[in-house]
Amino acid sequence: MKIIQAKDYQEMSRVAANIVSAQMILFPGSVLGLATGDTPIGMYRQLIEWYRKGDLDFGKARTVNLDEYVGLSTEHEQSYNWFMRQHLFSQVNLLPHNIFMPNGLAEDTAAECVRYEANIRAMGGIDLQVLGIGHNGHIGFNEPGPVFTKNTHVVTLSERTLAANSRFFDSGERMPRQAITMGMGTIMQAKRIVLLCAGESKAEILSRAVLGDIDPMVPASILQLHTDVTIVADQAALGRMSMDELSANGVEVVTERE
Ligand code: GLP
């Protein structure tokens with residue numbers, strides 16, 4: 001595991017965008033695993049800027065997203081499909097047939113999970129997976145629980161996640177209680193993983209994920225077992241881990257700029 005320490009959110013976003021673009025320049029046909037949430041928005045903005053300048057080409061890339069709410073159509077402004085169109089897809093030259101997201105309106109959600117998982121396998125797996133982290137340690141929508149669920153599955157959202165994400169829904173509107181998410185096995189099979197984390201409110205969970213036991217109650221902790229994980233985090237998010245603890249745990253830290 002490697003940590004790149006960025007000064008602030010903007011620098012974290014630029015470093016993450018650099019990692020994604022390096023992947024795309026070296027391997028234009030990459031399968032990119034993408035995430036939603038506030039954290040990657042700055043990275044998407046930077047990627048769009050480089051695309052507009054002509055420095056980046058999404059023409060051959062394929063994307064798979066981590067998750068989607070059950071019951072929201074792609075036209076619902078809180079669907080992750082809408083989010084991705086807003087923050088990336090509509091602004092770069094990704095081809096529509098190369099964009100894959102779980103269908104939140106599938107009548108048979110179990111069959112949709114099987115289809116989604118099989119599609120990722122058929123593409124040869126994910127080359128670079130971008131992740132955020134929830135305050136309870138979730139990645140995608142893999143909530144804390146007794147086990148790490150392997151494949152794409154339907155999940156019932158935890159109270160904490162509902163509380164965190166309810167701010168996006170209109171008052172009076174019922175927020176979806178379930179989501180379809182890639183499983184931990186799906187994510188762990190990605191060849192490379194980059195996890196973005198910003199802000200003091202994430203410092204404690206990030207430290208538990210990086211230094212704590214590998215525990216399904218902290219889903220992100222399983223990333224300790226992956227051989228190619230880079231965490232790009234701002235100083236605030238790294239505030240609960242000392243350099244000594246990190247090096248004692250075999251974590252290499254690169255400081256972006258002094
Ligand atoms: C959501 C998403 C996750 C995301 C997390 C953190 O629930 N399903 O993929 O990483 O929340 O979001 P944020 O970046 O807004 O803190």
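The values are calculated or read from the model by the stated rules, or taken from the named source; none is laboratory data. Since we're looking at a predicted model, the values are computed, not measured. Quick reminder, even Gly has a Cβ in these numbers, built from the backbone with ideal geometry, and neighbours come from all protein chains shown.
Miscellaneous remarks
- Across the stretch 183-211, the number of residues qualifying as assigned to a helix (DSSP H, G or I), within 11 Å of the ligand (Cβ to nearest atom) and farther than 23 Å from residue 154 by Cβ comes to 3.
- Every condition in (1) farther than 23 Å from residue 21 by Cβ; (2) within 13 Å of the ligand (Cβ to nearest atom); (3) of a type outside the set (A, V, I, L, M, F, W, C); (4) in contact with a Pro (Cβ under 7 Å, 6 or more places away or on another chain) holds for residue 132 except the one numbered (1).
- Here residue 156 fulfils each of the conditions (1) surrounded by fewer than 17 Cβ atoms within 10 Å (Cβ to Cβ); (2) of a type in the set (S, T, N, Q); (3) within 11 Å of the ligand (Cβ to nearest atom) apart from (3).
- Applying the criterion of being of a type outside the set (Gly, Ala, Ser) and within 16 Å of the ligand (Cβ to nearest atom) to the residues of the stretch 101-119, the residue that is farthest from residue 159 (Cα to Cα) is 116.
- Every condition in (1) touching a Leu at 6+ places or on another chain (Cβ under 6 Å); (2) modelled with pLDDT under 95 holds for residue 197 except the one numbered (2).
- For first residues located in the stretch 94-112 and within 19 Å of residue 30 (Cα to Cα), partners that are assigned to a loop (DSSP other than H, G, I, E, B) and lie 6+ apart or on another chain with Cβ distances below 6 Å form the pairs 94/58.
- The residues on offer are 180, 214, 126, and the sole one that is aliphatic (A, V, I, L, M), exposed (fewer than 15 other Cβ atoms within 10 Å of the Cβ) and either without any contact (Cβ under 8 Å) to a residue 24 or more places away in the chain or farther than 30 Å from residue 242 by Cβ (or both) is 214.
- Strands (runs of 3 or more DSSP E) completely within the stretch 1-90 that count 3 or more residues being in contact with a helix residue (DSSP H, G or I) (Cβ under 6 Å, 6 or more places away or on another chain) and surrounded by fewer than 23 Cβ atoms within 10 Å (Cβ to Cβ): none
- All conditions but one from (1) away from the ligand (no atom under 15 Å from the Cβ); (2) touching a Leu at 6+ places or on another chain (Cβ under 8 Å) apply to residue 175; the one that does not is (1).
- Selection status of residue 69, within 13 Å of the ligand (Cβ to nearest atom) and either over 16 Å from the mean Cα position of the chain (by Cα) or not polar (S, T, N, Q) (or both): yes
- Residue count for the stretch 227-248, restricted to those that are within 26 Å of residue 127 (Cα to Cα), part of a loop (DSSP other than H, G, I, E, B) and in contact (Cβ under 8 Å) with a residue 40 or more places away in the chain: 0
- Single match in 6, 17, 35 (criterion: within 16 Å of the ligand (Cβ to nearest atom), touching a residue at least 60 places away in the same chain (Cβ under 8 Å), more than 30 Å from residue 109 (Cβ to Cβ) and among the hydrophobic types (A, V, I, L, M, F, W, C)): 6
- In this structure, residue 164 does satisfy being over 30 Å from residue 121 (Cβ atoms), within 12 Å of the ligand (Cβ to nearest atom) and modelled with pLDDT under 95.
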